[in-house]
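Here is the structure we will look at.
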Amino acid sequence: MGVGGVIGPALLIGAGVVAPALAAGLLPRVARTATLMSLPLGISALLVNLFLLPGATEVLFRIGPLTATVEGLRFAVEILLRILAITGAITLFYLTTAPAALVLDLERRGVSPRVAFVALASVQTVPAMVERAVTITAAQRARGLDTEGSIWRRLRGVLPLAGPVLLGSIAEVEERTMALEARGFTRPGSRTLLWWPPDSTLQRLARWLLVLAVPLVIVARALGWLGWLG
Amino acid sequence: MTDLTLDAVTYRYPHGGALALDGIHLRIPAGQRVALVGQNGSGKTTLVRHLNGLLRPTSGRVLHDGDDVAGRTVAQLARSVGLAFQDPDRQIFAASVRSEVEFGPRNLGMRGGALRAAVDGALAGVGLEAEAGTNPYDLGASRRKLLALASVQAMGTPVLVLDEPTTGQDMRGVEIVRRVIEAAHAAGRTVIAISHDMEFVAGAFDRVVVLRAGKVILDRTPASVFGEAAWDALRSTYLEPPLSAVIGSKLGLGGTPTDGALLAALAPGSPG
Amino acid sequence: MLTFELVTYRYAGASQPSLRDVSLELREGEVLGLVGASEAGKTTLCLVASGLAPRTAGGTLTGRVLLDGEDTAPLAMHELAGRIGIAFASPATQLSGVAATVYEEVAFGPMNLGVPRRELIARTDEALAALQIEPLADRDPAQLSGGQQQLVAIAGLLALRPAHLVLDEPTAQLDPAGTEMVAAALAGLAANGASILVAEQKTDLLAGICSRIVALDGGRAVLDGLAAEILADPRLADLGVAPPAAVRLRRAAADADLPPAALARLEGALAG
């Protein structure tokens, strides 16, 4: 039984998450965020397996009707490491990638500029809406809207605050569309890019290796090799 | 009525930002009409936001009738100072013009006959009485701005602050704004307006305060601010006096910031 | 050259046309001013001139709009984008929303048109220089003041290097310095052969840069002629358009029954 050891995931975390994070100077942030992300799943995996692993016999300790087992602990650790490997990789990715860089690179490789635009605009939408909401809140407070009173008062304030945010955004859509079209947005085909993330031969090699590694590792495991990884 | 005072007010944007106001000393007695002018970024909007508590000074004090407003909320201060923002679309939310104008007065506790009178008066003041049931977004942009003005004017606060009220208005719109200011003044209210329109400023206000980089560089009557002695200071912040002032100066007629003043000075029997 | 031949335009769902039988000519190297009260049709005319109406704005257009003699009706918006550029009064809606820096924002238009990279950079640098906003190049456009954003929007228009520019109240939100900068940039472009249509309330600005002026009223072009003549036309005030300061002053002097000697003094000062 068992999902398969600790060496494999430990190596992955070390080489694939910790090393790059150290190189990027982001290890503390990656560690903190990945840990936080892993907590919900990790805690439940730990508890379920520690106490309820079927077929486990070696007792670690007892709490009331619950029995913690050694096998359960080992299994839980194996699962936790795998979760950390995944969350570590995800965290590393988004902490080192600017959305614009990602989108522009995709555009360079052939994704339509219109699609790229939607992706980028949706990222920028949130700060723009927040800024709008801040001004609107100030304007309505200046008209006596109470944002510091009881919960009921504050609930009554939702419409005068949400209203202009939504209405204003909708009213703007037509003018925004016109401005975009007047600047050639609907021209078919690709557009000139000012910049895009640089791509070196080494990076390309690394990418191909990673992609090839997946089917290779699957096959190797199926054939029973790499057992030492656990 | 409310006297306003800014006592050594300094404001720095949060997170180590730029200094927007640098030791402002300003006292505005009740009932005065004050124009606040200066380049974009000189601190005009930042200054007026201190009057109703939207911004709190980094150092210095803001006083209403001699009392520090530090402990009072914006909602409380809105009883004394009504502030109309530059962009009407950042405050309009109601489905009808009437409901929009009602919002401010309602927040201040007005009801029934008094509320209706305030709203009717405000709508008539900006020429929107026929549009009471219209959806604000069915009005053009310039009339929405007049709606925003009416919405704040209706609150009846002792102090009325207008952020660029004539921007985007045609001649009739400017005239409407002028009349609203006159009516407020006649009712004893203090009117403070930020404006880029020197001609408008020269004709509608008792006092012009010129800001540059967060400091007050001139604080005088229109005749004095637009008089030749102040031109260097004005031009240092890229402002030009109105034509009447320039002509009056050329003819040696003293301070003539408006057409009326210039013509009066040219008339027979007047010195010069 | 941009020509309107009896253009009538009605927005979708509107009961009345917003433009009626408008004919006008915008020639190379010319700045044509467009005046009229709010809602007289200035914005609509700008939208039709740029091709946005009826393409993006919907609605029905009768009559013809000709670009260098060619009927624009069969042309798509992106085909017109490089030949006619438009700027609106409110900067917030003109910013693309996807540019992290002012530089990228200004480059947005030419990028879309597939302008080769070296030329793209040259055009962007030039546009920034024309409006003296090089210091803003690395700033986030969303963090700028309204006036700065408007300069960025106009720079974005300049970067397209269209032969024809249409500007709808471009200086509405600008301070006097910004207004002056835009006026100078427009005059410079016209001197280099661009044809420019600019709608404005500030007739003093138009007096400085326009060779001809068209006045709209209720969607009709009711006045069309040399700038100096139109701006001095007494009918302008009836149309809700404020005449330039000098014209207004002369008229007020004449109405005030000043003696000829005083009038002569005034005239002398105005001319000098």
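Do we find that C:E126 is at the interface with another protein chain (Cβ under 8 Å from one of its Cβ atoms), out of contact with any Cys (no Cβ under 6 Å at 6 or more places or on another chain) and among the acidic types (D, E) in this structure?
It is false that C:E126 is at the interface with another protein chain (Cβ under 8 Å from one of its Cβ atoms), out of contact with any Cys (no Cβ under 6 Å at 6 or more places or on another chain) and among the acidic types (D, E).
Scanning region C:100-114 turns up no residue that is more than 7 Å from every other protein chain (Cβ to nearest Cβ), buried (at least 22 other Cβ atoms within 10 Å of the Cβ) and more than 25 Å from A:A98 (Cα to Cα). Within region C:142-177, the set of residues being over 15 Å from A:G184 (Cβ atoms), surrounded by fewer than 22 Cβ atoms within 10 Å (Cβ to Cβ) and among the aliphatic types (A, V, I, L, M) comprises C:A142, C:L144, C:A177. Whenever a residue of region B:58-71 is closer than 8 Å to B:L6 by Cα, its partners that are part of a loop (DSSP other than H, G, I, E, B) and of a type in the set (V, I, T), lying with C-beta atoms within less than 6 angstrom and at least six residues away or across chains, give the pairs B:V62/B:V69.
For every residue, the table says whether it meets (1) under 26 Å from B:P242 (Cα atoms); (2) among the hydrophobic types (A, V, I, L, M, F, W, C); (3) at pLDDT 90 or above.
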residue	(1), (2), (3)
C:L120	no, yes, yes
C:A130	no, yes, no
C:P141	no, no, yes
C:G146	yes, no, no
C:A153	no, yes, yes
C:A159	no, yes, yes
C:L167	yes, yes, yes
C:Q173	yes, no, no
C:A199	yes, yes, yes
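Put simply, of C:A37, C:A14, C:A92 the only residue that is more than 9 Å from every other protein chain (Cβ to nearest Cβ), farther than 25 Å from A:E107 by Cβ and either touching a Leu at 6+ places or on another chain (Cβ under 8 Å) or of a type in the set (A, V, I, L, M) (or both) is C:A14.
Taking first residues from region B:36-49 that are basic (K, R) and partners that are assigned to a loop (DSSP other than H, G, I, E, B) and buried (at least 20 other Cβ atoms within 10 Å of the Cβ), the Cβ contacts under 7 Å between residues at least 6 apart in sequence or on separate chains come to B:R49/B:L55.
Within region B:74-107, the set of residues being touching a residue at least 60 places away in the same chain (Cβ under 8 Å) and closer than 19 Å to B:I192 by Cα comprises B:A78, B:R79, B:S80, B:V81, B:G82, B:L83, B:A84, B:F85, B:Q86, B:P88.
Residues of region B:193-208 being outside any helix (DSSP H, G or I) and more than 12 Å from chain C (Cβ to nearest Cβ), which ones?
Selection gives B:A193, B:F205, B:D206, B:R207, B:V208.
Summed over region C:140-175, the residues that are outside any helix (DSSP H, G or I), more than 8 Å from every other protein chain (Cβ to nearest Cβ) and either under 13 Å from the mean Cα position of the chain (by Cα) or not charged (D, E, K, R) (or both) give a count of 10.
The rows are residues; the columns are (1) touching a residue at least 40 places away in the same chain (Cβ under 8 Å); (2) within 33 Å of the chain's Cα centre (by Cα).
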| site | (1), (2) |
| --- | --- |
| A:A133 | no, yes |
| A:I136 | no, yes |
| A:Q140 | no, no |
| A:A171 | no, yes |
| A:F185 | yes, yes |
| A:P188 | no, yes |
| A:P198 | no, yes |
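Here region A:91-101 is the region considered, the condition is being free of Cβ contacts under 8 Å to residues at least 60 places away in the same chain and surrounded by 14 or more Cβ atoms within 10 Å (Cβ to Cβ), and the residue that is farthest from C:L113 (Cα to Cα) is A:P99. The single condition among (1) buried (at least 18 other Cβ atoms within 10 Å of the Cβ); (2) modelled with pLDDT of 85 or more; (3) away from chain B (no Cβ under 14 Å) that A:Q124 does not meet is (2). Residues in region C:101-138 that are within 15 Å of C:A153 (Cα to Cα) and among the basic types (K, R): C:R123 only. Of all residues assigned to region B:126-141, none qualifies as being under 26 Å from B:L51 (Cβ atoms) and hydroxyl-bearing (S, T, Y). Which of the residues that make up region C:259-272 are facing chain B (nearest Cβ under 7 Å) and in a helix (DSSP H, G or I)? Within region C:259-272, C:A262, C:R265, C:L266, C:A269, C:L270 qualify. Only one of the numbered conditions (1) more than 8 Å from chain B (Cβ to nearest Cβ); (2) in contact with a helix residue (DSSP H, G or I) (Cβ under 7 Å, 6 or more places away or on another chain); (3) assigned to a helix (DSSP H, G or I) is violated by A:T192, and that is (3). Residues of region C:244-255 that are over 27 Å from the mean Cα position of the chain (by Cα) and buried (at least 16 other Cβ atoms within 10 Å of the Cβ): C:R250, C:A252, C:A253.
So that you can scan it fast, the table gives a plain yes or no per residue for (1) within 14 Å of chain C (Cβ to nearest Cβ); (2) within 25 Å of C:Q173 (Cβ to Cβ); (3) in contact with a Phe, Trp or Tyr (Cβ under 9 Å, 6 or more places away or on another chain); (4) assigned to a helix (DSSP H, G or I):
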position: B:G173; (1), (2), (3), (4): yes, yes, no, yes
position: B:A183; (1), (2), (3), (4): no, no, no, yes
position: B:G188; (1), (2), (3), (4): no, no, no, no
position: B:V191; (1), (2), (3), (4): no, yes, yes, no
position: B:S224; (1), (2), (3), (4): no, no, no, yes
position: B:A233; (1), (2), (3), (4): no, yes, no, yes
position: B:I247; (1), (2), (3), (4): yes, no, no, yes
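Within region C:1-49, take every residue that is polar (S, T, N, Q) and in contact with a helix residue (DSSP H, G or I) (Cβ under 6 Å, 6 or more places away or on another chain) and give me the one that is nearest to C:I209 (Cα to Cα). Applying the filter and picking the extreme gives C:S38.
With within 23 Å of B:Y137 (Cβ to Cβ), within 14 Å of chain B (Cβ to nearest Cβ) and at pLDDT 90 or above as the only criterion, which of A:R132, A:R141, A:R156 stands out? None of the other options fit; the residue is A:R141.
The values are calculated or read from the model by the stated rules, or taken from the named source; none is laboratory data. Quantities reported herein were computed from a predicted structural model and do not represent experimental measurements. Positions of Cβ are generated from backbone atoms using ideal geometry, with glycine treated the same way; all protein chains shown enter the neighbour counts.
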